[in-house]
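Read the structure below first, then the notes.
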Amino acid sequence: MTYRLDLNALRAIAVAGVVAFHLKLNALSGGFAGVDVFFVLSGFLMTKIIAGGIERGEFSFARFYAARVRRIVPGLLATCAAVLVFGYFWVDPIKYEEIARSVISSILFISNIDLWKQVGYFDNDANEKWLLHTWSLSVEWQFYLLYPPVMYLLYRILRTRRRVGASVMIAIGLSFALSVVVAGVRPASAFFLLPTRAWEMLAGGMVALWPVDLPQRLKRPFGLIGFGLIGVSFLVFDSLTPWPSFGCLLPVAGTVMVIAARDDGLPLYRNAAVVWIGLWSYGIYLVHWPVIVGVEYLALADPAATSFCLIAVIMAGCALGARLMSAQSFGRLREAKIGAYERLAFGATFLLVGTSAAGIALTSGGEWRQPENREIFRASRLAMHDWDYPSGTCNGLSFSEELRPCHVGALSGRRTLIVGDSFAQQLFSRAREISDNDPTRGFTFLTTAGCPPILNINRIEVGFRCDKFIAKALKYAESSEFDHVMLVSMWYDYFKIGPKNICFIAKDGCIVARDSKNVVSLLSNSLDAMEGQLRQIKTRGKSLTVVLPFPYSKVDVPSALVKNTFLGRAVLGAGDIDVDILFQGYGAIRARLKSLADSVGATLLDPMEFLCTDRHCPTLDGKGVPYYRDSSHLRSSTIRSDRFVFLDKFM
């Protein structure tokens, strides 16, 4: 295929956007759209190869897949091997095991499915996934597996390029419609899975199947408008934008326009930096994210600048190594002139990386590297998985927006309804303990993680339906046969100004607070509506308890304990949570919640009074075992312990 400067420039811009986004450069908050540019480019190039080969009667499935392996797998293997080697010396066993499992899913090209099950791309937890970025390679590989046989069948059935193109257009429409629908309710599914991403690659394929022959005078403006659309997407979108959805049309349409323009005369295309970045875009993409995560993991100074410098040094080293190696070697690789020795070496490397990763995973992340700390590692690992609440079946609303209650114990006798967020889910193990000891007690949980139990409030992030859930939950509390209703939440942290994570529903839409005074004012309106609803519940003879936040840490307690122990740093100690610092600035919100409880005759429970001494709260027990499974959620076994016996009289 003829080398095109415009396509190389698109690669350079795409990878620059992705790296800028991952370096948290706020000016390019939509830089993640660079991946969508890559998808369109990939679809265009693959369609030209496949359609051209089929029409000439020269297409070979074996040659096609072999070429894809040579293009993608060596760099991926090198990246995975480098991360494993680095991790051996500097990454704690829990994270190292996670890396090893990620390596396996990456080289098997199922990392997008693995990540879809674990975490959303924009979630905070995603920042600690060393091979998070390989999800896009898995999507592309899955597309490569399916696309050639589908195209071959279409050509056999429909015969002409125009008819094949029409069928691809239909597929684009269906995939795009699916992405719009799913992005609004299941954002992780829309982001990571092929069915909702296929339309982007097929859009590139349409340019190959139905090329546009523009007049010379229109090529330049057409291409510049395309670059403008890509640039706008980098500037105006952010992690709160539903993706891929309508907004995704901008980078996809912009890339299609640049490809269709076929304008190789733009001076930008010949800029040495643009040419170099484009040629090395795949390597930059592979390297940049593990470097950024590694710098954050080791808590190095000035992480953005440090990461950028390390990425530049690594890529410069790769470029120098490529120049020093013989041109003949690279020519053989590109032209598929690979002998038995090279194939054997490639297979051995693949097996070595795969078996090394499997070995690390099977030995719990290489705990044997520090046998003296094995008990700390194992206790922390148990803490991370110590969570009894069946979140998969009892969290939030169903797809059809029906409540999904979770029942524990008796369905008659004294029954308690617990409404709230994941902090309410913490009480599940205590409720089960109480009901096991007293067969007359029963509990029902209505919870949705990430949503405070307050009316007329929603999250800015895609996929949340807090307002609908809380309205339904309180109606359920009013109409059902419960003796007692508890409202449990983190409460305060939702109303931080910085993250823009909460909005208040009004006639004009969902309003984001501008400052702390604005928060209290808007929150008061929501709590006023809440007060009327709670009074309705009280008139039905039910008692009410409002539970203020449990103490929580600013760091992931078990993760920090393991990492600091492994690296020989000072470990997290007991009494590290200073309540006054943790809840600084939330006095007005606390007072408003207390006023709400007083006005409806509810009991106000502050767990701090029972769990903290002198306004300091321990994160570890006397044996150094974490009370927490992460930064904020207490372990189920912790909630069952005698420290939490005070809950029984409130439940």
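Considered as a group, the residues in region 179-207 that are modelled with pLDDT of 90 or more and among the charged types (D, E, K, R) include one that is farthest from residue 459 (Cα to Cα), and that residue is 200. Based on this model, can you work out whether residue 107 counts as under 14 Å from residue 138 (Cα atoms) and assigned by TED's automatic domain parsing to the domain that holds residue 282? The answer is yes for residue 107. If we keep just the residues of region 527-544 that are touching a His at 6+ places or on another chain (Cβ under 8 Å) and buried (at least 19 other Cβ atoms within 10 Å of the Cβ), which is modelled with the highest pLDDT? Once the filter is applied, the top-ranked residue is 544. Looking at region 106-113, is at least one residue within 22 Å of the chain's Cα centre (by Cα), of a type in the set (A, V, I, L, M, F, W, C), buried (at least 16 other Cβ atoms within 10 Å of the Cβ) and assigned to a helix (DSSP H, G or I)? Yes: one or more hits. Residues in region 16-56 that are farther than 19 Å from residue 251 by Cα and either polar (S, T, N, Q) or outside the structural domain of residue 240 (by TED's automatic domain parsing) (or both): 47 only. Could you check, for region 494-517, whether at least one of its residues is assigned by TED's automatic domain parsing to the domain that holds residue 460, of a type in the set (Ser, Thr, Tyr) and buried (at least 19 other Cβ atoms within 10 Å of the Cβ)? There is at least one residue in region 494-517 that is assigned by TED's automatic domain parsing to the domain that holds residue 460, of a type in the set (Ser, Thr, Tyr) and buried (at least 19 other Cβ atoms within 10 Å of the Cβ).
Residue 541 fulfils the conditions (1) outside any loop (DSSP other than H, G, I, E, B); (2) more than 27 Å from residue 496 (Cβ to Cβ); (3) in the same structural domain as residue 486 (by TED's automatic domain parsing) except for a single criterion, (1).
The residue of region 629-651 that is surrounded by the most Cβ atoms within 10 Å (Cβ to Cβ), among those that are of a type in the set (Gly, Ala, Ser) and assigned to a loop (DSSP other than H, G, I, E, B), is 632. Considering region 602-620, the residues that are charged (D, E, K, R) and either in contact (Cβ under 8 Å) with a residue 24 or more places away in the chain or touching a strand residue (DSSP E or B) at 6+ places or on another chain (Cβ under 8 Å) (or both) include one that is farthest from residue 380 (Cα to Cα), namely 606.
Between 490, 486, the distinction of being modelled with pLDDT of 90 or more, closer than 26 Å to residue 396 by Cβ and within 28 Å of the chain's Cα centre (by Cα) belongs to 490 only. Within the set 450, 463, the sole residue that is closer than 30 Å to residue 29 by Cβ, modelled with pLDDT of 85 or more and in contact with a helix residue (DSSP H, G or I) (Cβ under 8 Å, 6 or more places away or on another chain) turns out to be 450.
The values are calculated or read from the model by the stated rules, or taken from the named source; none is laboratory data. Predicted model only: the values in this text are computed from it and were never measured. Virtual Cβ from ideal backbone geometry, glycine too; neighbours counted across all protein chains shown.
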